1. Looking only at the range 177-190, decide whether some residue is of a type in the set (D, E, K, R) and under 19 Å from the mean Cα position of the chain (by Cα).
2. What about Gly110, is it assigned by TED's automatic domain parsing to the domain that holds His53, buried (at least 19 other Cβ atoms within 10 Å of the Cβ) and part of a loop (DSSP other than H, G, I, E, B)?
3. Among the residues of the range 158-211, what is the count of those that are over 19 Å from His53 (Cβ atoms) and small (Gly, Ala, Ser)?
4. Given (1) surrounded by fewer than 18 Cβ atoms within 10 Å (Cβ to Cβ); (2) assigned to a strand (DSSP E or B), identify the lone condition not met by Arg207.
5. Please specify each residue of the range 176-189 satisfying the condition of being part of a loop (DSSP other than H, G, I, E, B) and in contact with a strand residue (DSSP E or B) (Cβ under 6 Å, 6 or more places away or on another chain).
6. Being modelled with pLDDT of 95 or more and surrounded by 13 or more Cβ atoms within 10 Å (Cβ to Cβ) narrows it down to one of Asp158, Asp188, so name that one.
7. Quick one: which of Arg201, Arg126, Arg163 is part of a strand (DSSP E or B), basic (Lys, Arg) and free of Cβ contacts under 8 Å to residues at least 40 places away in the same chain?
Amino acid sequence: MADWVTISSLATAGGTLVLAIATFGSVRSANRAARVAEQAMLAGQRPLLIDSHLDDASQKVSFVDEKWLHVPGGGAAAEAGAEAVYLAISLRNVGNGIAVLHGWQLATDGRRSAPDGPPPLESFHRLIRDLYIQAGDIGFWQGAFRDPGADEFAQVSDAIGERRHLTVFILYGDQEGGQRVISMFGMDPRDDGAYIATIGRHWHLDRPDPR
């Protein structure tokens, strides 16, 4: 004679197992869809900075002490004085979101090849003000040294006076404070006293690097 209690229990257990499997598949599918949606949202606000085009407009860059530099499209500018050193680079945002510039670091060793990794974040100079560059538009980076007694001041002044290649690492991210990137730019001196700006490499800090 059939043991209906056992059969009923087995049927209930089987139904519960099927329901659990269906729920697990549904949750996995929902999580996958959520990840895809998040990636699409982040891509929609991801900035990426390169040097601007040679035919882009020249920009006037102001500093807090009322000093001005004129930076041509695709170019950069550097000026060393007794009390301050001023630098600027014309940039273009080829990403989809607003770029917010946070900080920078400069190297004067003349090396043009990219290092294995970016400088540590604690070595970056924080910008006095945030600089914003809209998607598809041009903007600029600016930096200054104002302590004539500092070793860095002397090194940069000498490099500018000797017309050596300069390397600038720029830290920036999206308008939400995420998707941080460090981009390496070169400043190559020209015969007319100006500089040509070049992009060297990008390092992503908040997501896996593409390399």
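The values are calculated or read from the model by the stated rules, or taken from the named source; none is laboratory data. Worth saying up front: this structure is predicted, and the values here are computed from it rather than measured. Here the Cβ is made from the backbone with ideal geometry for all residues, glycine too, and neighbour counts use every protein chain on show.
1. To start, the set of residues in the range 177-190 that are of a type in the set (D, E, K, R) comprises 180, 188, 190.
With under 19 Å from the mean Cα position of the chain (by Cα) added as a condition, the list becomes 180.
Yes; the residues of the range 177-190 include at least one that is of a type in the set (D, E, K, R) and under 19 Å from the mean Cα position of the chain (by Cα).
2. Values: assigned by TED's automatic domain parsing to the domain that holds His53: yes; buried (at least 19 other Cβ atoms within 10 Å of the Cβ): no; part of a loop (DSSP other than H, G, I, E, B): yes.
So Gly110 fails the test.
3. Here the count works out to 6.
4. Arg207 satisfies every listed condition except (2).
5. Keep residues of the range 176-189 that are part of a loop (DSSP other than H, G, I, E, B), which gives 176-180.
Those that are part of a loop (DSSP other than H, G, I, E, B) and in contact with a strand residue (DSSP E or B) (Cβ under 6 Å, 6 or more places away or on another chain): Gln179, Arg180.
6. On the way: Asp158 fails: surrounded by 13 or more Cβ atoms within 10 Å (Cβ to Cβ).
Exactly one residue qualifies, and that residue is Asp188.
7. Numbers: Arg201 fails: free of Cβ contacts under 8 Å to residues at least 40 places away in the same chain; Arg163 fails: part of a strand (DSSP E or B).
Criteria check complete, one pass: Arg126.
Okay, residues lined up against (1) in contact (Cβ under 8 Å) with a residue 60 or more places away in the chain; (2) among the β-branched types (Val, Ile, Thr); (3) more than 11 Å from Phe140 (Cβ to Cβ):
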| position | (1), (2), (3) |
| --- | --- |
| Leu69 | yes, no, no |
| Ala78 | yes, no, yes |
| Val94 | no, yes, yes |
| His102 | yes, no, yes |
